[in-house]
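First up is the structure itself, then whatever we jot down about it.
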Amino acid sequence: MFKVFKDFSGKFSYLLILGILPFCLNSCQQKVIPEKRTANLIQDPNIKVYFNHNLAKDANYTEPYRQITRAGDNLEQVIIDQINSAQSTIDLAVQEFNLPNVALALVEKQRAGINVRIILENSYSKSLSEVSSSEINEEKDERTQNKYEEYKALVDINEDGNLSQEEINKRDVIKILENANIPVIDDTEDGSKGSGLMHHKFMIIDGQKIVTGSVNFTISDVHGDFGNLKTRGNANNLLEIFSVPVAQLFTSEFNLMWGDGVGGKNDSKFGIKKPLRSPQTFQVGSNKITVNFSPISSSKPWEMSSNALIKQNLETATQSVNLALFVFSEQKIVDTLNLKNLEKVKIRALVDPDFIFQDYSEALDMLGVSLVNKKCQSEKNNDPWKVPIKTVGMADLTRGDKLHHKFGIIDDKIVITGSHNWSASANNTNDETLLIIENIVVANHFKAEFEKLYETANLGISNSLNEKLEDQEKRCPN
């Protein structure tokens, strides 16, 4: 039932890290005192942007599962509102899905005659209620055990330590979907053991609207770790895009993966089995938006890839580049940023703490240092900057929350975002979405999010990195 997962840079990693507090009882209530509030920003009518860590004055909500009142946009409610607006079809492709209220909203629409189709990553397409206690006890990975315990705390509504069938039917998303006979497939539908990762995070409504971004449809990605009241969710963004042509492009991507649906022929296409497609650019109101879907086979020219599209847009920077990234491990992109640094373009970057000081992280290049692996070998083509910068670091988030964004802002007018991490795995293995949006109004929202994160960030070479460098000098003297 359990397996080891690969993170988005291709290294083995964990499923999630829980906070340090015990699991919150379902009946607990807590009002979180908001931080310093910021001004409300106008939304573009065609591309609306939301952040679960938003500190705008009007961004407040009460999280429905633990009744926690907090600052931020309620990303789950944004998703539910769009589901409720559906008149004919809902197509959902998301890596991980455990938000019960979203599942219940989908069931209501399906009962109303709306055609609902769902694609998940195979690692998350089975109910954890089917896992026996003996399997959990035999599982040696502590974090995997914790994942089950968090699931159990969410589903155990009456807090008696046991999961009744009634509770499972109300809170277990996979069971909710199964009970309603909503068709669900995963990336094994092509007859394989699964693609690298079905890492998409998008929903199409009526072939007219898209909901997409960096966020998985999970408690931890939207509201916070269930067992830690201090967490506010992994820092994520969500966009609503109102465009029939863009929706049609996303529908084409969905249909390639869907094939003939549940069972039947193994005609679903995931990963590099999908045909090679070029980026498509659309005019959406006053926005210019380019959409590209990964992956591309490593046997194809790199210049045709999503990472190359990121690089091409960074090359246009003349004033500033601001980055908020979960993973950054693409050498050719950081080399482009190096050239921009030498041209006096102001560059600032935040990377998730778990990835920023890994030996493959390009944040190290930007800081002018290098870490080697256990064999004392550097990353291929590694090139630390001769003119390093100190404006690189980690966002100061509550323990348990991750910097899950994958966005860049160029000259305060172009936004790069989506599900696509800036890594080789996202480029050559995973099913991913990459968006390039040219619009100052949209860029202003991402800039506000970046500035909030940057204001309290830990920048430069940290004590922990210094310790790694000192240990490396002893371990690998040459």
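The values are calculated or read from the model by the stated rules, or taken from the named source; none is laboratory data. Computed from a prediction, not measured in an experiment: that's the story for all the values here. Glycine also receives a Cβ, built like all others from the backbone with ideal geometry; neighbour counts cover every protein chain displayed.
Screening Glu149, Glu178 for residues that are part of a helix (DSSP H, G or I) and out of contact with any Ser or Thr (no Cβ under 9 Å at 6 or more places or on another chain) leaves exactly one candidate, Glu149.
Taken as a whole, the structure leaves Val184 outside the set of residues that are closer than 21 Å to Asn122 by Cα, touching a Pro at 6+ places or on another chain (Cβ under 7 Å) and not hydroxyl-bearing (Ser, Thr, Tyr).
Output yes when any residue across segment 163-178 is surrounded by 15 or more Cβ atoms within 10 Å (Cβ to Cβ) and farther than 23 Å from Ile118 by Cα, and no when none is. Within segment 163-178 (the criterion being surrounded by 15 or more Cβ atoms within 10 Å (Cβ to Cβ) and farther than 23 Å from Ile118 by Cα), the answer is yes, since at least one residue qualifies. For segment 458-477, taking the residues that are within 29 Å of the chain's Cα centre (by Cα) and either without any contact (Cβ under 8 Å) to a residue 24 or more places away in the chain or not in a helix (DSSP H, G or I) (or both), the one that is farthest from Leu371 (Cα to Cα) is identified as Asn458.
In segment 422-441 there is no residue that is modelled with pLDDT of 95 or more, in a loop (DSSP other than H, G, I, E, B), in contact with a Lys or Arg (Cβ under 7 Å, 6 or more places away or on another chain) and small (Gly, Ala, Ser). For segment 370-390, the set of residues classified as more than 21 Å from Ala424 (Cβ to Cβ) and touching a residue at least 40 places away in the same chain (Cβ under 8 Å) consists of Cys376, Val387, Ile389, Lys390, listed by residue number. Tallying residues that are assigned to a loop (DSSP other than H, G, I, E, B) and under 17 Å from the mean Cα position of the chain (by Cα) within segment 407-421 yields 3.
Please determine, by comparing only the residues of segment 253-273 that are of a type in the set (Lys, Arg) and touching an Asp or Glu at 6+ places or on another chain (Cβ under 8 Å), which one is surrounded by the most Cβ atoms within 10 Å (Cβ to Cβ). Checking each candidate, the answer is Lys269.
So that you can scan it fast, the table gives a plain yes or no per residue for (1) closer than 16 Å to Gly213 by Cβ; (2) crowded, with 17+ Cβ neighbours inside 10 Å; (3) modelled with pLDDT of 95 or more; (4) touching a strand residue (DSSP E or B) at 6+ places or on another chain (Cβ under 9 Å):
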position: Ile47; (1), (2), (3), (4): yes, yes, yes, yes
position: His53; (1), (2), (3), (4): yes, yes, yes, yes
position: Asp58; (1), (2), (3), (4): no, no, no, no
position: Tyr65; (1), (2), (3), (4): no, yes, no, no
position: Ile79; (1), (2), (3), (4): yes, yes, yes, yes
position: Gln82; (1), (2), (3), (4): yes, yes, yes, yes
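Restricted to segment 303-333, and to residues there that are among the charged types (D, E, K, R) and closer than 19 Å to Phe357 by Cα, the residue that is surrounded by the most Cβ atoms within 10 Å (Cβ to Cβ) is Glu330. So, Thr281, is that one among the β-branched types (Val, Ile, Thr) and within 21 Å of the chain's Cα centre (by Cα) or not? It is false that Thr281 is among the β-branched types (Val, Ile, Thr) and within 21 Å of the chain's Cα centre (by Cα). Listed by position, the strands (runs of 3 or more DSSP E) contained in segment 199-303 that have at least 1 residues being assigned by TED's automatic domain parsing to the domain that holds Glu189 and among the aliphatic types (A, V, I, L, M) are 201-205, 209-213, 237-242.
Being more than 14 Å from Leu465 (Cα to Cα) and not in a strand (DSSP E or B) is a description that does not apply to Lys390. For the structure I just gave you, tell me whether Gly418 is at pLDDT below 95 and small (Gly, Ala, Ser). For Gly418, the condition - at pLDDT below 95 and small (Gly, Ala, Ser) - is not met.
Answer yes if at least one residue in segment 368-386 is part of a helix (DSSP H, G or I) and either under 23 Å from the mean Cα position of the chain (by Cα) or among the aliphatic types (A, V, I, L, M) (or both), and no otherwise. No, that holds for no residue. Checking each residue in segment 188-204 for being over 10 Å from Ala93 (Cβ atoms) and surrounded by 24 or more Cβ atoms within 10 Å (Cβ to Cβ) picks out Glu189, Ser195, Leu197. Identify the residue in segment 420-460 that is hydroxyl-bearing (Ser, Thr, Tyr) and surrounded by fewer than 24 Cβ atoms within 10 Å (Cβ to Cβ) and, among all such residues, is nearest to Ala363 (Cα to Cα). Within segment 420-460, the match that is nearest to Ala363 (Cα to Cα) is Tyr454. Tell me, which residue of segment 110-135 that is under 21 Å from Asp190 (Cβ atoms) and of a type in the set (D, E, K, R) is surrounded by the fewest Cβ atoms within 10 Å (Cβ to Cβ)? In this case the residue turns out to be Lys126. Does Tyr14 fit the bill of being more than 27 Å from Lys209 (Cα to Cα) and at pLDDT below 50? Yes.
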